[in-house]
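See below for the structure under consideration.
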Amino acid sequence: MQDKPIAKDEILKELEDIHKLDYDYADGRILGSMCTEAHPFAKEVYCKFLDTNLGDPGLFKGTKFIENEVIKSIGELLSLDNAYGNIVTGGTEANIMAIRAARNHARKYKGITDGEIIIPESAHFSFKKAADMLNLKIVEAKLDENYKIDVDALKNVISDKTIAIVAIAGTTELGLIDPIKEISEIAFENNIYFHVDAAFGGFSIPFLKKLGYDLPVFDFSLPGVCSITVDPHKMGLAPIPAGGIIFRKEEYLDVMAVDSPYLTVKTQSTIVGTRLGASTVATYAIMKYFGKQGYCRIADELMNNTKYLYDGLNEIGYDVVCEPELNIVAFNHPDLDTNDFAQKLEEKDWKVSVAKCPIAIRIVLMNHIKKSHLKELLEDLKEIY
Ligand SMILES: *Cc1c(COP(=O)(O)O)cnc(C)c1O
């Protein structure tokens with residue numbers, strides 16, 4: 001830090017210059033991100049609540065009330081009448097909380113001290129962090145030829161040490177939904193904690209189903225489901241950081257509670273102590289602003305764009321990995337190696353990402369990608385082909 005104060009204008013000028021190094025969603029060149037620009041109204045609300053601290057809810061009773069309301073609303077979207085949980089920093093923290101709840105629950109009620117979690121090969125890397133921090137062993141469930149959990153393979157890896165099974169509603173790489181109903185039954189019969197990671201799909205599947213899209217059940221209407229992760233900062237259009245963790249029962253929060261002596265409440269179950277209220281209130285506001293109708297319209301639009309890209313790629317002759325269930329399309333060039341292909345797209349200033357399972361270019365049709373951008377992209381893809 002320099003000794004003397006610097007004038008605001010000068011600082012802002014410097015920051016503006018540096019900010020130019022960042023890509024802007026509005027340019028439509030970011031094709032591989034699951035985040036997007038937050039809605040302007042959500043940003044406006046966010047700024048008004050910047051000083052609120054949900055870590056000390058006795059001091060911020062209003063903001064805490066709003067968090068409870070948001071959890072209730074998201075719970076209802078997921079077919080749960082009495083939801084418990086928190087708005088946290090994102091899908092990663094939500095998943096870590098779910099696994100921590102499962103671990104503590106199994107420790108308390110089953111005496112398991114060296115637990116294992118079963119996650120699909122397609123799981124988000126946040127579960128590796130969770131397992132590392134919580135001292136759990138990861139057991140991978142194989143995928144079938146459609147890149148979804150192979151239910152028989154899953155059954156075979158369940159053991160006395162299994163403290164949780166994880167399935168995904170909207171995989172990070174392909175946007176696919178695992179056979180959650182079947183897995184819920186297995187988890188229920190075996191009395192094993194079942195977590196559904198709908199970080200990506202949570203703000204679209206319920207709306208697409210409402211519109212009549214043929215998607216499987218993935219939520220709390222299945223009795224085996226104990227918790228669900230949903231990210232408002234993806235298709236929910238809330239500002240970062242906003243992830244949601246929803247629990248079926250309060251006891252899952254209770255098993256994580258530690259004493260919090262100097263605060264206005266006696267215990268705390270979240271990982272983070274001081275915790276932003278702004279993104280929670282912004283989530284509340286944007287959910288009110290759109291309502292189910294608004295989110296249905298958005299989800300439908302994203303799927304239309306997905307279909308447009310999918311059809312365009314097939315028309316040119318690209319190898320599309322699978323028919324999209326949500327707004328992700330993964331594909332390969334018939335001849336080029338995937339990384340070389342990605343390089344060619346980078347040269348044309350498209351920010352793409354490469355999926356690992358299977359290796360493919362992956363495009364997430366987020367809200368900032370418009371038809372006009374897709375037209376331009378398909379033109380470039382024609383040229384590269
Ligand atoms: C995005 C995503 C995550 C991680 O969420 P962050 O908000 O980046 O922490 C976890 N799981 C799935 C399925 C995701 O799509």
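Tabulated values for the structure
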{"quantity": "Hits among aspartates and glutamates - C-alpha to C-alpha of LYS348 under 18 Å, sequence gap 8 or more where chains match", "calculated": "ASP22, ASP24, ASP27, ASP337, ASP340, GLU376, GLU379, ASP380, GLU383"}
{"quantity": "Within a Gaussian network of the chain (alpha carbon springs, distance under 10 Å), most fluctuating of LEU326, LEU208, LEU15", "calculated": "LEU15"}
{"quantity": "Accessible surface ranking that places the most exposed of PHE203, PHE65 first, with a 1.4 angstrom probe", "calculated": "PHE65, PHE203"}
{"quantity": "Gap separating the Cα centres of the stretch 183-222 and the stretch 309-361, nearest whole Å", "calculated": "27 Å"}
{"quantity": "Spin-label proximity, SER73 to the stretch 237-262 - amide N less than 17 Å from point 7 Å beyond Cα toward beta carbon", "calculated": "237-246"}
{"quantity": "Selected from GLY75, GLY294, GLY115 as most flexible by GNM, with the chain as the system and alpha-carbon contacts under 10 Å", "calculated": "GLY294"}
{"quantity": "Cβ-Cβ FRET estimate between TYR213 and LYS4, R0 fixed at 51 Å, reported to 0.05", "calculated": "0.25"}
{"quantity": "Cβ-derived FRET efficiency at R0 51 Å, ASP51 paired with ASP300, nearest 0.05", "calculated": "0.85"}
{"quantity": "Within-14-Å neighbourhood charge of GLY90 [Cβ basis; K, R +1; D, E -1]", "calculated": "0"}
{"quantity": "Segment VAL354-ASP340, length gained on full extension (0.36 nm per residue, minus Cα span)", "calculated": "4.0 nm"}
{"quantity": "Accessible area (Å², 1.4 Å probe, nearest 10) - PHE60", "calculated": "60 Å²"}
{"quantity": "Solvent accessible area, Å² - HIS39, 1.4 Å probe, full protein context", "calculated": "40 Å²"}
{"quantity": "Contour minus Cα-Cα distance for ASN135 and LYS382 (0.36 nm per residue)", "calculated": "84.0 nm"}
{"quantity": "Set of aspartates and glutamates near LYS161 by C-alpha distance (under 17 Å), chain-local residues within fewer than 8 positions excluded", "calculated": "ASP114, GLU116, ASP132, GLU140, GLU189"}
{"quantity": "Total charge dipole magnitude, the chain, about the Cα centre, Cβ charges on Lys, Arg, Asp, Glu only, Debye to nearest 20", "calculated": "1360 debye"}
{"quantity": "Area of CYS47 that stays accessible when all protein chains are in place (1.4 Å probe, Å², to 10)", "calculated": "90 Å²"}
{"quantity": "Rounded accessible area per residue of the chain, 1.4 Å, Å²", "calculated": "47 Å²"}
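The values are calculated or read from the model by the stated rules, or taken from the named source; none is laboratory data. Remember, it's a predicted structure, so these values are computed and weren't measured experimentally. Counting neighbours? That spans all protein chains shown, and the Cβs are built from the backbone with ideal geometry, glycine included. When the accessible area is computed, the model is the full protein with side chains, heavy atoms only, and any ligands, DNA or RNA have been set aside. Shrake-Rupley method; radii C 1.70, N 1.55, O 1.52, S 1.80 Å.
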